[in-house]
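Just so it is clear, none of the values below were taken in a lab; they were calculated from the coordinates. Quantities reported herein were computed from a predicted structural model and do not represent experimental measurements. Cβ coordinates were reconstructed from backbone atoms using ideal geometry, including for glycine residues, and neighbour counts include every protein chain displayed.
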Amino acid sequence: MPASEPKNPFYFLLLVCGLLFAVTALAYAVVPTLEQKAREAGQPPPESALRDALRSDGWKWLLVELAALVAFSCASMVLDRLRSLKKARLDRTIAPSEPPSP
């Protein structure tokens, strides 16, 4: 059985970062709406440091997570490309030389 190629470690980082980005984006979009609906219903939401931080710095978090997504994507593509070039170089064989004709 041929040895399998090692997994690209950037795939896992890309997955985690993408999930974190999706959760942050949803929270950044939905939490203010839920707070506003609670205020309109006459029940103000309790104070929360996380919501305050999300409201003031959420856009910065999203930019950092987006930059990490781009960086991990590029790193995974570069690593895949380098591995494919290395594999192609190892698979290439040198043609046998022809003996000189008398």
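Tabulated data
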{"quantity": "Share of pairwise Cα separations in the stretch 1-52, more than 13 Å, in percent", "calculated": "71 percent"}
{"quantity": "Taking the chain and dividing mean pair separation by its residue count, relative contact order in percent (alpha carbons under 8 Å, at least six apart)", "calculated": "42 percent"}
{"quantity": "Between 0 and 90°, nearest 10: helix 49-91 axis offset from the chain longest Cα axis", "calculated": "10 degrees"}
{"quantity": "Net charge of neighbours whose Cβ lies under 12 Å from the Cβ of residue 49, counting Lys and Arg as +1 and Asp and Glu as -1", "calculated": "-1"}
{"quantity": "Residue-averaged 222 nm ellipticity for the chain, from DSSP H runs of 4+ at -39500 (n - 2.57), nearest 500", "calculated": "-27000 deg cm²/dmol"}
{"quantity": "Spin-label pair residue 43/residue 69, simplified geometry with 7 Å Cα→Cβ offset, distance in nm", "calculated": "3.4 nm"}
{"quantity": "Degrees between helix 9-40 axis and first principal axis of the chain (Cα, 0 to 90, nearest 10)", "calculated": "20 degrees"}
{"quantity": "log10 of Debye I(q)/I(0), alpha-carbon scatterers only, for the chain at 0.13, 0.15, 0.19, 0.20 Å⁻¹", "calculated": "-0.69, -0.79, -0.98, -1.03"}
{"quantity": "Dipole of the chain, positive direction: furthest Cα of 72, 20, 32, with charges on the beta-carbon", "calculated": "72"}
